[in-house]
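I have placed the structure first, in the form of structure tokens, so that the comments after it can refer back to it.
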């Protein structure tokens with residue numbers, strides 16, 4: 001039954017002036033999310049600015065002074081420490097909070113959800129009033145889930161190329177500044193212990209990139225195991241910061257319990273929601289495919305030359321969209337459809 | 001016994017105007033190679049230029065017209081097709097040829113040598129008069145050899161970040177040009193099917209990078225197995241072109257037959273020739289460590305979280321030095337000491 005007056009939801013986007021917050025607002029507008037009032041919020045440093053929501057300008061309010069009463073959904077696109085303080089306030093006021101920061105991802109009674117894999121976990125959203133959305137893992141799961149269902153992933157090695165925008169707008173500006181300096185043969189200004197980002201590959205920890213949080217392998221591995229619902233998968237991750245503005249690239253080595261042919265994997269991924277499988281002659285890249293797109297792009301699918309029952313895949317995705325904001329908005333869409 | 005008049009050798013450097021050829025000339029001068037006459041040669045496109053040899057200017061001769069008679073050592077820093085044509089001429093004239101191109105690397109009666117691992121293979125240099133020097137594999141072997149000797153490498157996965165200079169000066173200029181255009185919000189000019197190099201990570205094949213040659217996994221894997229003298233090692237390699245001018249970075253996952261602790265690996269690599277082991281607080285990078293240096297730098301050494309008997313290492317090296325020219329010059333040094 002179509003209701004003439006469909007319900008509309010009061011939504012708060014916290015961290016609205018950040019790159020992920022901006023992406024959340026864009027996606028809510030693009031996807032016609034049935035938002036009534038939208039509250040754009042930020043911490044003291046940037047409230048008072050305006051942000052764009054589907055062509056309209058929204059004033060940015062002060063998170064510290066905001067009263068969450070009447071807000072149905074609060075999407076937190078902020079650093080973990082800000083989420084740790086703000087989410088309990090939102091929940092106490094009766095909002096359901098979606099945490100994009102990783103702060104709540106480790107808590108057993110907070111569902112960690114990638115809609116392509118475990119939307120049913122959202123049934124637990126009422127326990128704490130918080131749903132956690134993983135970062136880059138959101139963009140890998142649409143590829144891993146069909147593989148795991150078909151052949152049983154037993155081991156996974158990830159070589160992840162992280163763009164600077166994963167560390168926020170400051171890192172984007174720094175890469176541009178360093179690059180411009182080097183091209184004009186000027187010295188690059190670096191803080192003590194800082195490593196040049198421009199024209200360089202820097203082995204990074206996700207912890208470092210996020211500013212907080214647990215160490216990288218455990219973070220990625222834990223999130224993948226939880227979302228796939230399999231605590232036995234052995235996972236190693238190597239994370240590199242690359243001089244790329246937008247878009248993750250990831251080398252994925254997968255070992256499965258049952259043998260599975262690359263051609264079968266292609267068929268599976270060709271039908272997988274959220275995945276864009278490219279023909280083998282096309283090599284997807286962060287710039288050419290990922291940036292600004294919602295899908296997770298898969299290029300090469302081949303046997304791992306080092307292992308029977310092993311596969312290698314090359315995966316790229318927009319770090320601000322499926323690797324962050326989009327997954328949060330997809331969670332919001334399911335929450336309003338089925339749970340709130 | 002020191003001879004008063006030590007023998008000096010006539011050396012030809014072919015491809016002298018290329019980046020690897022320039023590095024060969026620098027290294028011969030830096031390392032006081034006992035060169036008598038040095039012939040700098042190039043193909044028609046660039047002979048007539050001058051190149052630097054230890055502060056002296058050498059005119060560049062025409063490879064096609066050059067008579068190799070009297071040349072003791074001919075170092076070929078040229079594309080495979082040029083080596084295929086030039087090396088037989090040098091050998092017919094009595095020179096020993098060192099092939100940096102990969103053209104002769106697959107031939108069973110041509111020794112493929114990394115001095116830190118298999119200098120004894122040079123005893124076979126007389127069979128064909130040619131010695132092959134591997135490319136990036138030269139820079140990995142000083143790290144892999146001690147590990148293989150101590151614990152037996154059974155499986156290897158490489159995630160290799162290749163700088164643009166590995167594809168020659170044209171690729172270096174292209175990255176600078178594309179980057180400058182993008183920073184000034186100008187369009188990037190690309191050929192059909194060309195993928196933007198600037199601010200992007202492009203999954204590459206070594207074959208593509210070299211312009212010729214066998215496919216990547218087989219090239220790298222074959223060279224590693226031959227130099228380590230173990231046909232059983234299972235190897236998978238993923239190669240990415242990154243927007244870096246100089247210096248390889250490599251993620252290395254190693255599985256060994258015998259268990260070996262990271263601390264033991266640190267001790268081994270701390271004593272390994274050609275390896276600079278950094279303290280765990282320092283993350284070596286292409287720009288910060290590799291570029292312009294002879295050593296292979298190893299940073300992170302940790303357990304592979306996905307595998308018992310598994311290790312992960314982060315390795316960086318100068319692609320023009322140990323990843324190419326230096327290995328050739330080290331081969332030349334052993335040849336004159338022991339074999340010619």
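Quick notes on this one:
- Fewest-first sequence of B:141, B:75 by Cβ atoms within 10 Å of each Cβ: B:141, B:75
- Springs between Cα atoms under 10 Å define the GNM used for chain B, and in it the highest mean-square fluctuation of B:302, B:226, B:257 occurs at B:257.
- Per-residue mean of foreign Cβ neighbours for A:299-306 is 5 (Cβ atoms of other chains, 10 Å radius).
- Between copies, the label points of residue B:30, set 7 Å from Cα on the Cα→Cβ line, lie 4.8 nm apart, reported in increasing order to one decimal in nanometres.
- Residue closest to axis [chain B; rotation mapping onto A; Cβ; Å]: B:159, 2
- Inter-copy label distances at residue A:49, using a point 7 Å along Cα-to-Cβ, come to 4.7 nm with the shortest given first.
- Peptide A:159-166 has a mean shielding of 3, counted as Cβ atoms of other protein chains within 10 Å of each residue's Cβ.
- Relative pair counts by distance (%), Cα atoms of the protein assembly as shown, 20 Å bins: 18, 47, 26, 8, 1, 0
- Starting from the label point of residue A:64 at 7 Å along Cα→Cβ, the same points in the other copies fall at 7.6 nm, in ascending order.
- Cα gyration tensor category, rounded, prolate or oblate, for segment A:80-171 with a/c compared to 1.5: oblate
- When DSSP beta bridges are restricted to pairs lying wholly in segment A:1-119, around 20% turn out antiparallel.
- Candidates A:184, A:95, A:165: whichever shows maximal mean-square fluctuation once chain A is modelled as a Gaussian network with Cα springs under 10 Å: A:184
- Pairwise centroid distance, computed over Cα atoms, of segment A:1-73 with segment B:59-89, Å: 68 Å
- GNM flexibility winner over chain B from B:144, B:268, B:122 (Cα, springs under 10 Å): B:268
- Scaled against 2.2 N^0.38 Å for its residue count N, the alpha carbon radius of gyration of segment B:65-133 is 1.03.
- Inter-chain Cβ neighbour count for B:183-195, averaged per residue, equals 1 (cutoff 10 Å, partner chain atoms only).
- At q = 0.10, 0.12, 0.14 Å⁻¹ the log10 of I(q)/I(0) for segment B:137-319 amounts to -0.42, -0.59, -0.78, computed by Debye summation with a single uniform scatterer per C-alpha, solvent ignored.
- Segment B:3-65: radius of gyration over Cα atoms, expressed as a fraction of 2.2 N^0.38 Å: 1.12
- Largest-first principal axis extents, alpha carbons of chain B, Å: 61, 57, 34
- From the alpha carbon centroid of segment A:100-157 to that of segment B:131-160 is 37 Å.
- Helix-only CD estimate at 222 nm, as mean residue ellipticity for chain A, using -39500 (n - 2.57) per DSSP H run (n ≥ 4): -8500 deg cm²/dmol
- Equivalent ellipsoid semi-axes, segment A:282-340, via Cα gyration tensor eigenvalues times 5, rooted, Å: 30, 17, 7
- Antiparallel bridges, percent of DSSP beta bridges restricted to the protein assembly as shown (to nearest 5): 45 percent
All of the numbers you see were taken from the coordinates with simple rules; none came from a lab. Note that the structure is predicted; figures quoted are calculated from it, not measured. Methodologically, a virtual Cβ is constructed for each residue, glycine included, from the backbone with ideal geometry; neighbour enumeration extends over all protein chains shown.
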